[in-house]
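Here's a structure for you.
The values are calculated or read from the model by the stated rules, or taken from the named source; none is laboratory data. None of the values given here were measured: they were computed from a predicted structure. Note that each Cβ is placed from the backbone with ideal geometry, even for glycine, and that neighbours are counted across all protein chains shown. Quick note on the areas: whole protein, heavy atoms, side chains included, nothing else; ligands and nucleic acids left out. Shrake-Rupley method; radii C 1.70, N 1.55, O 1.52, S 1.80 Å.
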Amino acid sequence: MPNVEHPAYPAADLLHLEGLVPCRESQVSMLLSLFGERQQFSFPSIFIYGHTSSGKTYVMKTLLTTLQLPHVFVNCVEYFTSRLLLEEILTQLQSCPSGTEQTSPVRCDTLNDFVRLFKQALASQELQDQTLYIVLDRAEQLREMEPNILPAFLRLQELTDRNVTVILLSEIVWELFRPNIGCFEPFTMYFPDYSIGHLQKILSQNHPPEYSADFYAAYINILLGVFYMVCRDLKELRHLAALNFAKYCEPVVRGEANERDTRKLWKNIEPHLKKAMQTVYLREISSSQWERLQHDGGEPGQLKGLSAHTHVELPYYSKFLLIAAYLASYNPVRTDKRFFLKHHGKIRKTNFMKKHEKTSNHLLGPKPFPLDRLLAILYSIVDNRVAPTANIFSQITSLVTLQLLSMVGQNDQLDGPRYKCTVSLDFIRAIARTVNFDIIKYLYDFL
């Protein structure tokens, strides 16, 4: 007995659709009830929300494609302004429902132009006799656009007087969308997280043909027993399953165990799954490097310079700002001429040595420095000429917010702000490696 049924669509297509979207049959049935028949007017706007990897985008794409419903699918992160978004909808509409590539650009500056061009496109494509679906993925980005965009999409059916339904896909609830001035309320629909039984069923469908389905299902059961409490992201679990399956099969390949010898298989894979648990989501190393480490019996930290624990993702110039701040904190002021001036002459380290400098600066800790010195070092270590724009100063503020730098003293000082770098040597070396900068050559303690 099929779980997805609707009199307006062929039973064979619905059965095929049910096989493509396991564990989401109730949501598909609800959507088909809202859609109705092709020529019927559907609900003007539908808001679908749920956590990441709950199947919202996949189910919607599969449903519209399998049943061959005319639709436009736009990612609001990719088209991040109202003009780009409206133009992309009109461009895709020109190739709907034939699916052919359309290269002619469409210019749309205002919402009034969009409504006019939208009506023309529907008339030219002969879509008046069936519902057109406009799907806006990552719809939370609409809140960053003009305040009239979201209310207009919610009542687009009324504005155009055409058979169109707008579907918003988001990871946040509708209450965070609702404008203060009010708007047309969409039909809200929730996609719950996959349960452990759902994940077991979905992941078991990807078993390799050379092994039995029961053998792969037992492996997925072990994998979920380890990772389910810390990770319920279907994409991440699928990645982990593909990454560690070869190690699970090793006793079977070597002839030391059969497919039903669960105890030996578990003892072989257990230490490797514990290693993988330390790097869930982090992607510290590539899949090929992880497989090489498993084959060699090494640890993830043995790969030089590849650790998500020792660096963070920063903009290009922010990395150089942090490097300059570290040099300013741990180098004496008098050494700046030696390190950053091209024609400084021959200066021996002993000329700088005094009683209080015999101790390593890294043992004494970071010292405060003024903003002028930070910028002077930055201009010396960056190859390209950097103008002292507001962007550079805002990145300094961001580094303070991230607690990579700390501001010393009060804000009302007349001689300008003073900062101190708070990161460790391993951290700054990892940052410097990402921009091919040898920071050891510029540190006074390592001369």
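Does any residue in the range 164-177 that is closer than 13 Å to PHE153 by Cβ come within less than 9 Å, Cβ to Cβ, of a residue that is β-branched (Val, Ile, Thr) and at pLDDT below 95 six or more places away or on a different chain, and which pairs are these?
Qualifying pairs under 9 Å: VAL164/THR131; THR165/THR131.
Can you pull out every residue in the range 175-201 that is part of a helix (DSSP H, G or I) and open to solvent by 10 Å² or more (accessible area, probe 1.4 Å)?
Result: GLU175, LEU176, ILE196, GLY197, HIS198, GLN200, LYS201.
If I go through the range 361-380 residue by residue, how many of them are surrounded by 13 or more Cβ atoms within 10 Å (Cβ to Cβ), over 31 Å from the mean Cα position of the chain (by Cα) and at pLDDT 85 or above?
Counting residues in the range 361-380 that are surrounded by 13 or more Cβ atoms within 10 Å (Cβ to Cβ), over 31 Å from the mean Cα position of the chain (by Cα) and at pLDDT 85 or above gives 13.
Can you tell me which condition ASN112 does not meet? The list is (1) open to solvent by 80 Å² or more (accessible area, probe 1.4 Å); (2) touching a helix residue (DSSP H, G or I) at 6+ places or on another chain (Cβ under 8 Å), and all the others hold.
The single condition ASN112 does not satisfy is (2).
Further, regarding this structure: Can you confirm whether ARG155 is under 21 Å from TYR49 (Cα atoms), surrounded by fewer than 19 Cβ atoms within 10 Å (Cβ to Cβ) and not hydroxyl-bearing (Ser, Thr, Tyr)?
Criteria met by ARG155.
Can you name the number of the only condition in (1) β-branched (Val, Ile, Thr); (2) part of a helix (DSSP H, G or I); (3) closer than 17 Å to SER170 by Cβ that VAL77 fails?
Against the list (1) β-branched (Val, Ile, Thr); (2) part of a helix (DSSP H, G or I); (3) closer than 17 Å to SER170 by Cβ, VAL77 comes up short only on (2).
Would you tally the residues in the range 123-174 being at pLDDT below 90 and either part of a helix (DSSP H, G or I) or among the acidic types (Asp, Glu) (or both)?
Counting residues in the range 123-174 that are at pLDDT below 90 and either part of a helix (DSSP H, G or I) or among the acidic types (Asp, Glu) (or both) gives 4.
Take the range 55-74 and flag every residue that is open to solvent by 30 Å² or more (accessible area, probe 1.4 Å) and under 24 Å from VAL173 (Cβ atoms).
THR57, TYR58, LYS61, PHE73
Residue-wise test of (1) under 26 Å from ASP129 (Cα atoms); (2) aliphatic (A, V, I, L, M).
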| site | (1), (2) |
| --- | --- |
| VAL21 | no, yes |
| GLU37 | yes, no |
| TYR79 | no, no |
| GLN92 | yes, no |
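A follow-up question, please. With the requirement that a residue be more than 24 Å from LEU156 (Cβ to Cβ) and either of a type in the set (A, V, I, L, M) or open to solvent by less than 80 Å² (accessible area, probe 1.4 Å) (or both), what does the range 1-15 give you?
Across the range 1-15, the qualifying residues are MET1, PRO2, VAL4, HIS6, TYR9, PRO10, ALA11, ALA12, ASP13, LEU14, LEU15.
From the residues in the range 234-262 that are polar (S, T, N, Q) and part of a helix (DSSP H, G or I), which one is surrounded by the most Cβ atoms within 10 Å (Cβ to Cβ)?
Across the range 234-262, the extreme among qualifying residues is ASN244.
Can you find even one residue in the range 16-31 that is buried (at least 18 other Cβ atoms within 10 Å of the Cβ) and in a loop (DSSP other than H, G, I, E, B)?
The answer is yes; a qualifying residue exists.
With respect to the numbered conditions (1) of a type outside the set (Ser, Thr, Tyr); (2) open to solvent by 30 Å² or more (accessible area, probe 1.4 Å); (3) farther than 30 Å from ARG143 by Cβ, which one is the sole condition not fulfilled by ILE222?
(2)
A further question on this structure: Every residue in the range 32-54 that is hydroxyl-bearing (Ser, Thr, Tyr), open to solvent by less than 30 Å² (accessible area, probe 1.4 Å) and not in a strand (DSSP E or B), please.
Once the filter is applied, which keeps residues that are hydroxyl-bearing (Ser, Thr, Tyr), open to solvent by less than 30 Å² (accessible area, probe 1.4 Å) and not in a strand (DSSP E or B), the range 32-54 yields SER42, SER53, SER54.
Failed condition for ILE149, given (1) in contact (Cβ under 8 Å) with a residue 24 or more places away in the chain; (2) out of contact with any Ser or Thr (no Cβ under 7 Å at 6 or more places or on another chain), with all others met?
Every condition holds for ILE149 apart from (2).
Does GLU140 qualify as being closer than 19 Å to PRO179 by Cα, open to solvent by 30 Å² or more (accessible area, probe 1.4 Å) and touching a Ser or Thr at 6+ places or on another chain (Cβ under 6 Å)?
For GLU140, the condition - closer than 19 Å to PRO179 by Cα, open to solvent by 30 Å² or more (accessible area, probe 1.4 Å) and touching a Ser or Thr at 6+ places or on another chain (Cβ under 6 Å) - is not met.
Those residues that are over 23 Å from THR57 (Cβ atoms) and surrounded by fewer than 16 Cβ atoms within 10 Å (Cβ to Cβ), I need them from the range 202-216; list them, please.
PRO208, PRO209, GLU210, TYR211, SER212, ALA213, ASP214
Next up: What pairs can you find where one residue is in the range 428-447 and within 15 Å of ALA328 (Cβ to Cβ), the other is small (Gly, Ala, Ser) and at pLDDT 85 or above, and their Cβ atoms are less than 8 Å apart, with a gap of 6+ or different chains?
Note: pairs meeting the criteria are ILE439/ALA432.
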